[in-house]
Amino acid sequence: MGKALFIAEKPSVAQEFAKALKVSGRKGDGYIESDQAIVTWCVGHLVTMSYPEIYDASYKKWSLATLPFLPENFLYEVIPATKKQFKVVSTLLNRKDIDVIYVCTDSGREGEYIYRLVEQEAHVQGKKRLRVWIDSQTEEEILRGIKDAKDLSEYDSLSDSAYLRAKEDYLIGINFSRLLSIIYGRRVAKKINEEKVSISVGRVMTCVLGMVVQREREIRNFVKTPYYKIIGNFGDEEKNLSAEWKVQEKSEFFESNKLYNESGFKKEADAKKLILSLKDKRAVIEELKKSKQKENPPLLFNLAEVQNECTKKFKIKPDETLEVIQDLYEKKLVTYPRTDARVLSTAVAKEISKNLNGLAKGFKDEEIQLIINKMIDEKYSTNLQKTKYVNDSKITDHYAIIPTGQGYENYEKLPDLQKEVYKLIVKRFLAIFYPPAEFNKVSITIQVENKEHQEEFSASGKVCLKQGYLEVLKNKNTPKESTDSAEKVESNEEKGNLEVFAQIKKGQEIEVINYETKEAQTNPPTRYNSGSIILAMENAGKLIEDEELREQIKGAGIGTSATRAEIIKKLEKIQYIQINDKTQIITPTQKGEIIYDIVYNAMPDMLNPKLTASWEKGLDMVSKKEIESNVFMEKLEKYIQTKFDKLIVKY
């Protein structure tokens, strides 16, 4: 009987497979072999696409005569730096005593591509190949993945989309980088005082550059506009509340051109005129609404959400966050990081007590133990089946990032940052088992009669009755109570409002202390930071602050969870953007803005997030077998050819 060969993506992952399979035999150069099995590994990509000059030496010179470059058959080659390991893997794949090959590269599009390229260049034939698809690197999950491994052919459509993604990036990058460099390169070099400049264009990269430049120009061109609000103070000297004037149908200023918006005047004089007209007028509580509100814990982390959170909390770049979580994954502490899902599968939810028990027994952090002990003492339910945190339809390759409840033998040796990120993931996970936060919300409308008109002032307040999940996710500075009006008020005024709310009734007259004007002004949009731009990429160029809304419109992103951080890193490396190390704020460089203008004038649709998202959607359709690979490829080649024809005419 022959042997089984297991191929992992990295040496560290291969070690975990060897441990789980109890392969502890002879350690060769690049593999581990026992009587029954061999475990080997790639070191990331071993094979890459060949440059155009490999097809023909004439392509080495950048010339319009050799463009567009659209080969019928693509060439590939072994990466020189990994040639030694490729030879090891290739030899093992073709060994006669190997009966079955278990593909154990990362469970995703890129992991699939890494193996398929190796198999292609090793010319493997006549072997049984099985795909191991796992969500964590715990021994239990590895053994389950091997036991449930499916025939590799079931992943052919995923492989097709991986090849197409690489071809798309390759063709768009090579063709348009060369074309724009030939036409505009000298002009750019002159502007930035460099001898020579090549213009880098990428399907996703150029679109993201566009997002950064457009936002910067919005800020640069923004003109702050002052306007004037009226704040009324009601009650008595001891207990009083602040409320804000708002226009409504019975107001003297309904549909007046003197207003900047519904709660502000263009000129302070007009606001003061209204205040004078309200002097000694009676104020009555027109409306008083009291309601209880519940706020559920947020959804679990996917990669984009945790990258954004880590940028805010730890001021680190998205690629650093991914590196940290990848390491936590390889140390068996968390599940697979490159995921877009923020929910769990039904199957995982049924077994979630294993993760909780593992945390309770193995993770010795004092704060986490208090959180878990409260869950036990209060008998909080761990049944997630009918909650918003479980939804099979929202999972493609992998479920949300959660702690495995294992790997604690590796925890103490972790650097502090990795411990902090791990704790962040643990707390987000534990929060979903806590009850909602509960609030008392009170909103009030005060009416002041003014001859035949009526003016209204409104305020609202919110008191936290039960912290619920906020006990887990709270910030140290989170207040327990707050008030809201269109204008933020000071904390002592907030408390005053809430005290008065408790004592007043609808229809009651309330004393006016005074009215005052308050200057406000419009604000420009905020710059992206390295975390918020990842969220904007996930939502096709829109930075949506509301978490629930983000989740609803997902599905048409720019790039993928696996590639977004690398794109930001590349834009910084080629000096199209700069990222402030302390704040992580992103701004375009002079060079980046010049490149943006060139692309905007030459081929503006490359800057459109919707176009980029539609290409990504097409790749997704290929992986789901909704369209054939050749249909996608035909559209891609037609797009490139059409663009070339238009640009050459312009040139």
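Data table
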quantity	calculated
Unsatisfied cross-links (Cα-Cα over 26 Å) in the set Lys427/Lys466; Lys61/Lys610; Lys83/Lys167	Lys61/Lys610
Rounded accessible area of His123 (nearest 10 Å², 1.4 Å probe)	130 Å²
Assigned charges on the beta-carbon of Lys, Arg, Asp, Glu; the stretch 269-377 dipole about Cα centre (debye)	660 debye
Residue-count net charge about Ala437 - beta-carbon cut-off 10 Å; Lys, Arg +1, Asp, Glu -1	0
Cα→Cβ-extended label distance, 7 Å offset, between Lys350 and Phe254, nm	6.1 nm
Linear extension gain, Ser198 paired with Arg220, 0.36 nm per residue minus alpha-carbon span	5.2 nm
Kirkwood Rh in Å, taken over the chain so that all alpha-carbon pairs contribute	28.9 Å
Computed [θ] at 222 nm, deg cm²/dmol, the chain (DSSP H ≥ 4; -39,500 (n - 2.57); rounded to nearest 500)	-13000 deg cm²/dmol
Per residue solvent-accessible surface (Å²) - the stretch 293-405, probe of 1.4 Å	44 Å²
Zone residues, the stretch 564-578, relative to Phe314, backbone N less than 20 Å from point 7 Å out along Cα-to-Cβ	564-570
Probe 1.4 Å, accessible area per residue of the stretch 163-285, Å²	50 Å²
Signed unit charges on C-beta, dipole axis of the stretch 427-468, positive-most listed residue Ser443, Ser460, Phe433	Phe433
R0 of 35 Å, Cβ-Cβ distance Gln641-Lys60: FRET efficiency to nearest 0.05	0.95
The chain - percent relative contact order, Cα under 8 Å, separation 6 or more	17 percent
Within the chain, percent of DSSP bridges classed antiparallel, to nearest 5	80 percent
Too-long pairs where the Cα-Cα distance tops 24 Å, listed order kept, from Lys350/Lys374; Lys290/Lys388; Lys19/Lys413; Lys394/Lys569; Lys364/Lys386	Lys290/Lys388; Lys394/Lys569; Lys364/Lys386
Leu636 - accessible surface, heavy atoms, 1.4 Å probe, Å² rounded to 10	0 Å²
Cβ-derived FRET efficiency at R0 45 Å, Arg187 paired with Gln521, nearest 0.05	0.70
Pairs of alpha carbons in the stretch 355-420 whose separation is greater than 13 Å (percent)	74 percent
Accessible area of the chain belonging to carbon and sulfur atoms, whole % at 1.4 Å probe	47 percent
Förster radius 35 Å - calculated FRET efficiency between Asp597 and Ser629 (Cβ-Cβ, nearest 0.05)	0.45
Size descriptor, Kirkwood hydrodynamic radius, that averages inverse alpha-carbon separations across the stretch 45-200, Å	18.4 Å
Accessible surface of Ser107 - all protein chains present, 1.4 Å probe, nearest 10 Å²	0 Å²
Distance between modelled label sites at Ser50 and Gln503, nm, 7 Å Cα→Cβ extension	8.7 nm
Net lengthening on full extension, Gln36/Lys419 (0.36 nm per residue, minus Cα-Cα)	134.1 nm
Lys386-Asp97 pseudo-label distance in nm [points 7 Å out on the Cα-to-Cβ vector]	5.8 nm
The stretch 321-445: relative contact order in percent, alpha carbon pairs under 8 Å with at least 6 residues between	40 percent
Cut-off 14 Å between beta-carbons: net charge of the residues surrounding Leu328, Lys and Arg +1, Asp and Glu -1	-3
For the stretch 189-204, 3J(HN,Hα) per residue [Karplus equation, 6.51 cos²θ - 1.76 cosθ + 1.60, θ = phi - 60°, Hz, x = Gly/Pro]	4, 5, 5, 9, 6, 10, 5, 8, 9, 9, 8, 8, 10, x, 3, 9
Pairwise centroid distance, computed over Cα atoms, of the stretch 382-458 with the stretch 264-305, Å	25 Å
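The values are calculated or read from the model by the stated rules, or taken from the named source; none is laboratory data. Predicted, not measured: the structure shown is a model, and the values here were computed from it. In this analysis, Cβ positions are derived from the backbone assuming ideal geometry, glycine residues included, and neighbour counts consider all displayed protein chains. Just the protein is used for accessible areas: all its heavy atoms, side chains included, with ligands, DNA and RNA removed. Shrake-Rupley method; radii C 1.70, N 1.55, O 1.52, S 1.80 Å.
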